[in-house]
Amino acid sequence: MNASLKKVIAEFIGTFTFLLAIAGASSSGSPLKQVSLALTLGLMILTLGGISGGHFNPAVSIYFFAKKQLSFGALVSYVVAQLAGAYVGVAAGLGLWDKTVSPLAEGNQVSAPIFLGELLATAGLVFIIGTLVNNKQANLIWIAVATWVFAAGTFTATGAMANPAVAFGLMFNGISTGSIASIVVAQLAGLVVAILLLLITGASTKKKAPKQETPKFVPAPIVAAPAAAAPASTTAAKPAAKKPAAKKPVAKKAAASKTVAKPAAKKAPAKKPAAKKAPAKK
């Protein structure tokens, strides 16, 4: 299967599961609703993050597009998959409780607390993700996002949607279109705030990066040193070639031994007087 298609399918599945949990938990009325949402999102990021990055959120995808880590074509396909997954997820979550999607309603009930809550929740979410990516701690994103969604959901009026896809899906669960439009504007404003904060806090880390690469060029002169030492080793070997000259004294000893043997040869004439005694016996 094509790699791009795999990413789009992963974004659809992750967003679908997240909205399924939201719609199902809202219909159940469980006091653990916020825990369920946070854990579901964290698990989806952990499971599918290795395929698509685990965005499941148009605001997060736009952030990575701004960082030039996502092409425009990929951004469009991601957002389409996320919106489609949100709608199907809401329909499936309501169906678990024998409910159906609601018709679109007009009006705008967004107040200042709701607007500021979504701005803060989205800014915090994108800032956490961006900081972990800049610090090369992307393996912690799943638990960090789950923790933030749970925490922000307890102190915001909207339960911390922080996700235009979630807002789009809940438009089919009774929230008016005007309210959703205002919430999406607040979320995009939160995205801009997060990018500005990341530019400020991430500037120092980018300047320190080249300093870590400079030591790589220091060993270069050390590698050239053995090549210069090689001629010295050849000159040191020349005295060893002169050692055969030390064998010349051995030849002199042999000559000395020959001269010592000459006096032994002179003793032979001493036997001549024995030959003269023979006539005396006659």
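The values are calculated or read from the model by the stated rules, or taken from the named source; none is laboratory data. No experiment lies behind these values; they were computed from the predicted model shown. Note that each Cβ is placed from the backbone with ideal geometry, even for glycine, and that neighbours are counted across all protein chains shown.
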Discussion item. Against the condition more than 25 Å from Ala3 (Cβ to Cβ) and touching a helix residue (DSSP H, G or I) at 6+ places or on another chain (Cβ under 8 Å), how does Phe150 come out, does it pass?
Written reply: yes
Within segment 169-195, restricting to residues that are of a type outside the set (Val, Ile, Thr) and within 29 Å of the chain's Cα centre (by Cα), the one that is farthest from Phe18 (Cα to Cα) is Ala194
Taking segment 49-62 and the residues there that are free of Cβ contacts under 8 Å to residues at least 60 places away in the same chain and in a loop (DSSP other than H, G, I, E, B), the one that is surrounded by the most Cβ atoms within 10 Å (Cβ to Cβ) would be His55
Being surrounded by fewer than 22 Cβ atoms within 10 Å (Cβ to Cβ) and modelled with pLDDT of 95 or more narrows Leu20, Leu46 down to just Leu46
Only one of Gly169, Gly117, Gly107 is in contact with a helix residue (DSSP H, G or I) (Cβ under 7 Å, 6 or more places away or on another chain), part of a helix (DSSP H, G or I) and not hydrophobic (A, V, I, L, M, F, W, C), namely Gly169
Picked from segment 142-163 (must be in a helix (DSSP H, G or I) and of a type in the set (A, V, I, L, M)), the residue surrounded by the fewest Cβ atoms within 10 Å (Cβ to Cβ) is Ile143
In segment 87-103, anything touching a helix residue (DSSP H, G or I) at 6+ places or on another chain (Cβ under 8 Å), part of a loop (DSSP other than H, G, I, E, B) and surrounded by 12 or more Cβ atoms within 10 Å (Cβ to Cβ) is listed as Leu96, Trp97, Lys99, Val101
Flagged pairs (Cβ under 8 angstrom, 6 or more apart or on separate chains; first in segment 73-84, closer than 12 Å to Pro164 by Cα; second assigned to a helix (DSSP H, G or I) and of a type in the set (D, E, K, R)) are Gln82/Glu11
